[in-house]
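Undergrad: I'd like to ask you about the structure that follows.
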Amino acid sequence: MNVTITAPVRGKVLPGFGLTMGYSVLYLSLVVLLPLSALLFNSTGLSWAKFWDIATDPRVLASYRVSLSTAAMAALADAFLGLLLAWVLVRYEFPGKRIFDALIDLPFALPTAVAGVSLTALYSQNGWIGSLLEPLGLKIAFTPLGITLALMFIGIPFVVRTVQPVLEDLDRDMEEASATLGAGRWRTFRSIVIPELIPPLLTGFALAFARGIGEYGSVVFISGNMPMRTEIAPLLIMSKLEQFDYAGATAVALLLLLISFLMLLVINTLQRWARKTSR
């Protein structure tokens, strides 16, 4: 009997490269490229001098500073807290674990405006938590701290859901071998676990940071919307649109897009470097 062994066909799981590639390009064009092209098209009516005047306006610069600084602080806090939450969900068993796991995704399903109203009610001067902190001189609502807490709330699922699968697939034999050779828990965690978690942590940080830069609904209530102090860039864009200043809104949005793209490019470069060094 003659048996013919054929090599497995790679890259052809889905039938029809042309059809799948065409659908992918069409979807990418409709959802991503066309809206960005419209933004660039609207900006063509701006001269470089006018664009520079809008971009360097003190109120615009202050809104960028608030948006970028609070998004970065929230993403850093989410990276630490998200790692702890993912570790607990993967490595421990406790009553109500499934409910706790489902609550992680609540910011995805909850309307951002509802989150903003809820956080404002909690941390305002008359809120449950804010009224307790007010006598201590700690004010959260209508401050950058309140914005950071709101961004932490909407960004934490990105870190947890990025780190959790990596922890689940992590080979525990290496940890057991390290413990057998006399390494302590902290040294095992630092030498074995952390190198594997750096790429997903950077990915979760990037996702939370990108979401925080463009967040509007959960921040607009708790920020107080005070120009030069707690006004975020998306709110400034909305304010210019309400004033029919389409050129100004386009300039602010375009500059925010460029800043976000550069930040994500840097983070993606760090991700590739982390993957290479961890191998």
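Undergrad: Of all residues in the range 185-209, how many are out of contact with any Gly (no Cβ under 9 Å at 6 or more places or on another chain) and either open to solvent by less than 10 Å² (accessible area, probe 1.4 Å) or not aromatic (Phe, Trp, Tyr) (or both)?
TA: Residues in the range 185-209 being out of contact with any Gly (no Cβ under 9 Å at 6 or more places or on another chain) and either open to solvent by less than 10 Å² (accessible area, probe 1.4 Å) or not aromatic (Phe, Trp, Tyr) (or both): 17 in total.
Undergrad: Continuing with the same structure: Would you please list the contacts, defined by Cβ atoms under 6 Å and residues six or more apart or on different chains, that run from a residue in the range 222-236 that is free of Cβ contacts under 8 Å to residues at least 40 places away in the same chain to a residue that is open to solvent by less than 10 Å² (accessible area, probe 1.4 Å)?
TA: Partner pairs satisfying both residue conditions: Asn225/Glu231.
Undergrad: Going by the structure shown, is Ala121 small (Gly, Ala, Ser) and either touching a Pro at 6+ places or on another chain (Cβ under 7 Å) or farther than 21 Å from Pro200 by Cα (or both)?
TA: Against the criterion (small (Gly, Ala, Ser) and either touching a Pro at 6+ places or on another chain (Cβ under 7 Å) or farther than 21 Å from Pro200 by Cα (or both)), Ala121 qualifies.
Undergrad: Tally time: how many residues in the range 126-175 are part of a loop (DSSP other than H, G, I, E, B) and not hydroxyl-bearing (Ser, Thr, Tyr)?
TA: Step one: list which residues in the range 126-175 are part of a loop (DSSP other than H, G, I, E, B), which gives 126-129, 137-143, 170-171.
Going one step further and asking which of them are not hydroxyl-bearing (Ser, Thr, Tyr), we end up with 126-129, 137-142, 170-171.
Adding up the residues that qualify gives 12.
Undergrad: Still on this structure, please answer the following. What number of residues within the range 32-63 satisfy the criterion of being open to solvent by less than 40 Å² (accessible area, probe 1.4 Å) and at pLDDT below 65?
TA: Here is the first cut: in the range 32-63, the residues open to solvent by less than 40 Å² (accessible area, probe 1.4 Å) are 39, 43, 46, 51, 54-55, 60, 62-63.
Subset that is at pLDDT below 65: 39, 43.
Counting residues in the range 32-63 that are open to solvent by less than 40 Å² (accessible area, probe 1.4 Å) and at pLDDT below 65 gives 2.
Undergrad: So Arg91 clears everything in (1) in contact (Cβ under 8 Å) with a residue 12 or more places away in the chain; (2) surrounded by 13 or more Cβ atoms within 10 Å (Cβ to Cβ) except one condition, right? Which one?
TA: Arg91 satisfies all of (1) in contact (Cβ under 8 Å) with a residue 12 or more places away in the chain; (2) surrounded by 13 or more Cβ atoms within 10 Å (Cβ to Cβ) except (2).
Undergrad: Since Ile222 meets every condition but one in (1) assigned to a helix (DSSP H, G or I); (2) surrounded by 15 or more Cβ atoms within 10 Å (Cβ to Cβ), which condition does it not meet?
TA: Exception for Ile222: condition (1).
Here's the yes/no breakdown for (1) in contact with a helix residue (DSSP H, G or I) (Cβ under 6 Å, 6 or more places away or on another chain); (2) under 15 Å from Ala71 (Cβ atoms):
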site: Leu202; (1), (2): yes, no
site: Phe209; (1), (2): yes, yes
site: Ile222; (1), (2): yes, yes
site: Phe244; (1), (2): no, no
site: Phe261; (1), (2): no, yes
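Undergrad: Regarding Ala247, is this residue part of a helix (DSSP H, G or I) and either open to solvent by 50 Å² or more (accessible area, probe 1.4 Å) or at pLDDT below 85 (or both)? Walk me through it before giving the result.
TA: Details: part of a helix (DSSP H, G or I): yes; either open to solvent by 50 Å² or more (accessible area, probe 1.4 Å) or at pLDDT below 85 (or both): yes.
Here the answer is yes, as Ala247 does meet what is asked.
The values are calculated or read from the model by the stated rules, or taken from the named source; none is laboratory data. Quantities reported herein were computed from a predicted structural model and do not represent experimental measurements. Don't worry about glycine lacking a Cβ; one is built from the backbone with ideal geometry, like all the others, and counts go over all protein chains shown. Side chains included, ligands, DNA and RNA excluded: accessible areas come from the protein's heavy atoms. Shrake-Rupley method; radii C 1.70, N 1.55, O 1.52, S 1.80 Å.
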